[in-house]
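Enquirer: First the structure, then my questions, so here it is.
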Amino acid sequence: MRDLLSVVTKTLAAITILLGAPSNGDEPITPVIEFQSGPLTPALVLNGVPQPIHQIRLIVDAKLARGTLILDGNTPEFDEFGALTGGLQTPHVRGKGDPNSISKVRCTIELLKEGLDKWRVYDIRTSKIGTMLHLATRGTLANGSSARILVLASNDKVSAVIRCTPYGLVVP
């Protein structure tokens, strides 16, 4: 009986590891910083994403070159004073939303240009989203200062700006 339990346990562990492994050959990122938007009302519509987005989180790896976009389609819930009380599937919300309304998309992050007052613009590249996204930060990605996700229209002009709060050493 003990041998049967050992075999079953090892088999379940192997299946869990195989199912949890990335299917596209990408190695998992080692997260270092997260950029998190507040609740987006009205929702943001992105080409290639099946539902409107109510929150964007960008988790960046330790090399500051790859990341994961977490697109939350859950509808935020507010109290009578406008404080967020639930709906979103994020570490900072007590009443969590439906995990099935979340899309996680791997991306690469590349510095495009530097501007005045130490502002930098990074390209967020992914093959799964048709809308172009950029990240603007004041200083480097890792210094934890002001950040904005820029949504670009088809003419490469900024059509929406989403302010983000940076958090360090996150776990997705």
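Bear in mind these aren't lab numbers, they're just calculated from the coordinates by the rules spelled out. From a predicted model like this one, the values you see are computed outputs, not experimental measurements. All Cβ positions, glycine included, derive from the backbone under ideal geometry; neighbour counts span all protein chains shown.
Enquirer: Give the value in nm², to one decimal: projected area of the alpha carbon convex hull of the stretch 92-147, averaged over all directions.
Expert: Details: hull surface 21.7 nm².
Its average projected convex-hull area is 5.4 nm².
Enquirer: Now for a separate question. Lysines within cross-link reach of K104: Cα-Cα under 18 Å, excluding same-chain residues under 8 positions apart?
Expert: Candidates past the 8-residue exclusion: K96, K128.
Enquirer: Counting other C-beta atoms within 10 Å, and keeping those with at most 16, which DSSP coil chymotrypsin sites (Phe, Trp or Tyr not before Pro) do you find in the stretch 59-151? It would help to have the intermediate numbers written out before the result.
Expert: Details: sites: F78, F81, W119, Y122; in loops: F81.
For chymotrypsin sites (Phe, Trp or Tyr not before Pro) across the stretch 59-151 that sit outside H, G, I, E and B with at most 16 neighbouring Cβ atoms in 10 Å, the list reads F81.
Enquirer: Kirkwood hydrodynamic radius of the stretch 26-168 from all distinct Cα pairs, in Å?
Expert: Mean inverse Cα-Cα distance, inverted, gives 15.5 Å.
Enquirer: List every residue whose amide H lies under 5 Å from the amide H of S146, counting only residues 5 or more places away in sequence or on a different chain, with H placed 1.01 Å from N in the peptide plane.
Expert: Close amide H contacts, sequence-distant or interchain: R138.
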